[in-house]
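A short worksheet on the structure shown next.
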Amino acid sequence: MFFRAAWRLVLRKGGLGMRGIHSPGGIDHSKGKMPPYTNYHAQRSYPMPEDPFCTELNAEQQALKEKEKGSWTQLSHAEKVALYRLQFHETFAEMNHRSNEWKTVMGCVFFFCGFTALLIWWQRVYVFPKKPITLTDEWKAQQLQRILDMKGNPVQGLASRWDYEKKEWKK
């Protein structure tokens, strides 16, 4: 019980744990957002995010931000690039750069197609029963001969296309 009361006191003061950050009396991190997460979202269709990429700056980056407020002609190219990288994660050209993700996707597609083909082959060999006798060529020939002998559907069917005198199909 004493431990529980002490733990509540620590959390209420915002000393330890994540609950202390989120409590009403806790420390405010970039307008209510947790430190590693921001509203930074840049993509090709919307390349200008609301928040900068780097929100927590070290001493060197803060000095560079102070130097930014002065004349930009005094900044070197490397400093301009560093300032750009503080604001944006990648350039527009880097956003448009093609990735090799399609190779992984196509590899997975071909792998699963091959696995499915092997599974179907295995089922045909070991699971499915043999073909019924009615699907053999001999049975089909006998069935056709039976229909012709019975003269089934002599007006528009098979019997109308069979010449019974010559014993061959009409041309």
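Segment 50-113 and segment 143-170 have Cα centres spaced 80 Å apart.
Using the Cα gyration tensor of segment 53-103, with a ≥ b ≥ c the square roots of its eigenvalues, what is the shape: rounded (a/c below 1.5), prolate (a/b larger than b/c) or oblate (neither)? It is prolate, given that a/c is not under 1.5 and a/b is the larger ratio. Just so you know, the Cα atoms of segment 43-149 work out to an Rg and Dmax of 34.0, 105 Å. Summary of packing: across the peptides 102-112, 78-88, the per-residue average of other C-beta atoms within 10 Å ranks them, highest first, as 78-88, 102-112. With R₀ set to 30 Å, the beta-carbon distance separating L75 from F53 gives a calculated FRET efficiency near 0.95.
Read-outs throughout are calculated quantities, based only on the coordinates presented, and are distinct from any laboratory measurement. This one's a predicted model, so the numbers in the text were calculated from it and none came from an experiment. Glycine also receives a Cβ, built like all others from the backbone with ideal geometry; neighbour counts cover every protein chain displayed.
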